[in-house]
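The values are calculated or read from the model by the stated rules, or taken from the named source; none is laboratory data. Because the structure is a prediction, the values reported are computed rather than measured. In this analysis, Cβ positions are derived from the backbone assuming ideal geometry, glycine residues included, and neighbour counts consider all displayed protein chains.
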Amino acid sequence: AHTLSGAVLEPRALNELIPDWKEKGAPLNQPALEDKMKLFTKNYAIPLPHPPQMTNTGNYIVSLSNYVKWLGEQAEEAGVEVFPGFAASEILYNEDGSVKGIATNDVGLDKNFQPKEEFERGMEFHAKVTLFAEGCHGSLTKKLVRKFNLRENSDPQTYGIGIKEVWKIDPKKSKPGTVVHALGWPIDNATYGGSFIYHMGDDMLSLGLVIGLDYENPYLSPYKEFQRWKHHPYVKDLLEGGECLSYGARALNEGGLQSIPKLYFPGGALIGCTAGFLNLIKIKGTHTAMKSGMLAAESAYAAITADNYEEDKPIVLEDFEQKVKDSWIWKELNEIRNCRPSFHTPLGNIGGVIYSGIDTILLKGRTPWTFHNTTPDHERLRVATNAQKIDYPKPDGVISFDLLTSVSRTGTNHAENQPVHLRLKDKDIPVERNLKIYDGPEGRFCPAGVYEFVDNEAGPAGSKRLQINSQNCIHCKTCDIKDPSQNIDWTVPEGGGGPQYTYT
């Protein structure tokens with residue numbers, strides 16, 4: 001229900017895990033048949049050569065929601081207990097400081113944290129090894145990184161926000177198996193980003209825009225950039241006569257090899273996108289996430305069944321990190337490690353595209369140097385007085401849509417009378433710092449209309465306050481990443497709350 005991706009799936013890890021997946025009915029029905037790369041100007045789509053890493057022969061255009069549902073069924077058939085609708089909200093520790101497991105949050109609390117009639121205490125899950133697979137910027141992973149200093153020898157993570165829709169289009173315009181990636185308009189030369197259009201089967205079209213969260217202009221709205229992008233003649237022609245069925249957004253890791261933290265700690269490990277295994281040039285992370293989970297499972301099983309296993313001592317999966325470094329995950333990420341940081345030069349996107357083209361096509365990462373991600377995304381925002389305001393066109397209700405209409409297509413739902421899961425460390429900072437210095441970027445970087453500066457009726461005339469519409473939240477994590485004051489703490493709401501993605 002919360003899974004969101006493009007997605008073109010590379011089945012490499014799936015082939016290793018479930019070799020007979022076709023016979024088992026995996027929902028990989030539309031093979032990728034044709035790759036196109038475009039440079040968008042305002043009115044034209046200019047063909048470009050694409051890096052070999054972006055060739056999708058042998059891959060499949062999928063709904064990741066359906067794929068994950070199928071994987072869950074395979075796990076349950078193998079004897080795995082799956083607990084949908086329960087959110088891990090707390091890390092449990094042993095007396096020696098090692099991870100003991102997790103606890104789910106209490107449910108049935110009102111907004112003041114008082115029990116309601118349906119109150120149920122959260123549950124504790126204890127394990128010798130706990131693997132954290134929370135996706136990009138996990139709320140518990142943040143705590144583990146701090147407690148065990150896991151980022152001591154790695155760069156800060158850098159992120160993007162991916163915004164997408166799924167449309168039912170005119171059958172005459174549908175080209176099942178066609179994969180299109182684009183650079184350029186409407187993104188300016190100082191902002192990292194790109195777009196995708198995937199022709200699925202049954203006249204379905206998956207399309208979206210990814211913008212790097214290291215953008216500098218506080219007036220930039222990723223959501224409105226996406227709505228404007230759909231009016232490019234190349235995109236608009238595909239959508240005219242069609243119907244938008246679904247909308248969603250999610251942060252993604254872009255830092256690559258340099259930003260991967262230490263992967264293990266006493267009692268557990270980080271796997272998948274919570275560790276940051278996305279291959280940015282391929283624009284894929286599902287295969288690497290799966291492989292990391294497989295390697296962690298092998299390490300955990302070996303540790304628990306080892307002859308020298310001691311019940312009273314924490315398991316430390318040091319060999320898991322080495323397994324990752326010896327695997328094709330590391331080879332893939334090492335090959336493209338310099339591409340994303342190369343965009344942080346005075347030449348902006350132009351310099352980054354030129355360098356990345358040379359590196360991916362000719363050098364393939366065989367360089368003696370490594371560029372670094374030096375600055376966290378939240379520190380890159382310019383003050384409002386040094387930024388240019390952006391005039392976005394109004395949505396037409398046919399190709400582009402207002403924010404609340406889009407949010408309604410996510411199926412997001414949270415019980416209204418529950419504690420707000422978007423917590424401010426200091427309630428005065430949004431107005432006293434973010435509004436004064438950055439002109440309130442919260443209202444623009446959120447792709448779900450959660451944050452809104454409104455008149456403060458209880459304060460002086462003309463004053464503002466930040467209103468948090470937490471019921472709109474689609475769990476993208478952008479606010480926790482991009483808030484320039486790092487004042488917003490995204491925590492899990494009651495289990496089962498959030499977006500209910502189906503086509504995505």
Which residues, taken from the stretch 146-164, are more than 15 Å from the chain's Cα centre (by Cα) and either of a type outside the set (Ser, Thr, Tyr) or within 19 Å of Ser408 (Cα to Cα) (or both)?
Arg146, Lys147, Phe148, Asn149, Leu150, Arg151, Glu152, Asn153, Asp155, Pro156
Neighbours by Cβ (under 6 Å, 6+ apart or cross-chain): first from the stretch 392-406, surrounded by fewer than 19 Cβ atoms within 10 Å (Cβ to Cβ); second of a type in the set (Lys, Arg) and modelled with pLDDT under 95
none
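I'd like the residue in the stretch 74-98 that is part of a strand (DSSP E or B) and aliphatic (A, V, I, L, M) and, out of all such residues, is modelled with the lowest pLDDT. Outline the logic, then answer.
Let us first name the residues in the stretch 74-98 that are part of a strand (DSSP E or B), namely 88-93.
Next, only the ones that are aliphatic (A, V, I, L, M) stay: 88, 91-92.
Details: Ala88: 94, Ile91: 98, Leu92: 98.
Out of the qualifying residues, it is Ala88.
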Could you list, in sequence order, all residues of the stretch 451-464 that are more than 22 Å from Ile211 (Cα to Cα) and either touching a helix residue (DSSP H, G or I) at 6+ places or on another chain (Cβ under 7 Å) or assigned to a loop (DSSP other than H, G, I, E, B) (or both)?
Phe453, Asn456, Glu457, Ala458, Gly459, Pro460, Ala461, Gly462, Ser463, Lys464
I'm trying to understand the selection: among the residues of the stretch 94-107, which are surrounded by 12 or more Cβ atoms within 10 Å (Cβ to Cβ) and without any contact (Cβ under 8 Å) to a residue 60 or more places away in the chain?
Gly101, Ile102, Ala103, Asp106
Of those in the stretch 364-386 that are in contact (Cβ under 8 Å) with a residue 60 or more places away in the chain and among the charged types (D, E, K, R), the residue surrounded by the most Cβ atoms within 10 Å (Cβ to Cβ) is Asp377
Here are Lys325, Lys389: which of them is among the basic types (Lys, Arg), farther than 22 Å from Lys262 by Cβ and surrounded by fewer than 17 Cβ atoms within 10 Å (Cβ to Cβ)?
Lys389
Filter the stretch 77-93 down to the residues that are surrounded by 12 or more Cβ atoms within 10 Å (Cβ to Cβ) and of a type in the set (Asp, Glu) and list them by number.
Glu90
Taking Tyr67 as meeting all but one of (1) crowded, with 20+ Cβ neighbours inside 10 Å; (2) of a type outside the set (A, V, I, L, M, F, W, C); (3) at pLDDT below 95, write down the number of the exception.
(3)
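Pull up the stretch 456-503, narrow it to residues that are among the hydroxyl-bearing types (Ser, Thr, Tyr) and over 30 Å from Tyr67 (Cα atoms), then point me to the one that is surrounded by the most Cβ atoms within 10 Å (Cβ to Cβ).
From the stretch 456-503, those among the hydroxyl-bearing types (Ser, Thr, Tyr) are 463, 470, 478, 485, 491, 501-503; that's our starting set.
Then keep just the ones that are over 30 Å from Tyr67 (Cα atoms); that gives 463, 485.
Values: Ser463: 12, Ser485: 17.
Across the stretch 456-503, the extreme among qualifying residues is Ser485.
Would you mind finding the one in Gln467, Gln486 that is assigned to a loop (DSSP other than H, G, I, E, B), at pLDDT 95 or above, of a type outside the set (Ser, Thr, Tyr) and more than 30 Å from Leu28 (Cβ to Cβ)?
Details: Gln467 fails: assigned to a loop (DSSP other than H, G, I, E, B).
Every option except Gln486 fails the conditions.
Might you let me know whether the stretch 198-216 holds any residue that is aromatic (Phe, Trp, Tyr), closer than 29 Å to Gln30 by Cβ and in a helix (DSSP H, G or I)?
Start the filter on the stretch 198-216 by keeping residues that are aromatic (Phe, Trp, Tyr), which leaves 198, 215.
Filter once more, so that each one left must be closer than 29 Å to Gln30 by Cβ: 198.
Then drop every residue that is not in a helix (DSSP H, G or I), which leaves none.
No; the residues of the stretch 198-216 include none that is aromatic (Phe, Trp, Tyr), closer than 29 Å to Gln30 by Cβ and in a helix (DSSP H, G or I).
Looking only at the stretch 176-193, which residues are assigned to a strand (DSSP E or B) and touching a residue at least 40 places away in the same chain (Cβ under 8 Å)? Full working, then the answer.
Going residue by residue through the stretch 176-193, those that are assigned to a strand (DSSP E or B) are 178-184, 193.
Correct list: Thr178, Val179, Val180, His181, Ala182, Leu183, Gly184.
Among the residues of the stretch 407-420 satisfying the criterion of being modelled with pLDDT of 90 or more and not in a loop (DSSP other than H, G, I, E, B), which is surrounded by the most Cβ atoms within 10 Å (Cβ to Cβ)? First the steps, then the outcome.
Residues of the stretch 407-420 modelled with pLDDT of 90 or more: 407-412, 420.
The next check asks that each one be not in a loop (DSSP other than H, G, I, E, B); those that pass are 407-408.
Values: Val407: 25, Ser408: 12.
Ranking the candidates gives Val407 first.
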Subset of the stretch 298-327 [without any contact (Cβ under 8 Å) to a residue 12 or more places away in the chain and within 30 Å of Ile61 (Cα to Cα)]:
Lys325, Asp326
Surrounded by fewer than 16 Cβ atoms within 10 Å (Cβ to Cβ), at pLDDT 95 or above and either aliphatic (A, V, I, L, M) or not in a strand (DSSP E or B) (or both): does that describe Gly135?
no
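Which one is nearest to Thr274 (Cα to Cα) among residues in the stretch 430-449 that are assigned to a loop (DSSP other than H, G, I, E, B) and in contact with a strand residue (DSSP E or B) (Cβ under 6 Å, 6 or more places away or on another chain)? Before the answer, list the steps.
First pass over the stretch 430-449, keeping only residues assigned to a loop (DSSP other than H, G, I, E, B): 439-441, 446-449.
Next cut, in contact with a strand residue (DSSP E or B) (Cβ under 6 Å, 6 or more places away or on another chain) only: 440, 447.
Numbers: Gly440: 28, Pro447: 21 Å.
Checked the stretch 430-449; the qualifying residue nearest to Thr274 (Cα to Cα) is Pro447.
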Could you pull out the residue among Met204, Met200 that is under 21 Å from Gly411 (Cβ atoms) and in contact with a Ser or Thr (Cβ under 7 Å, 6 or more places away or on another chain)?
Met200
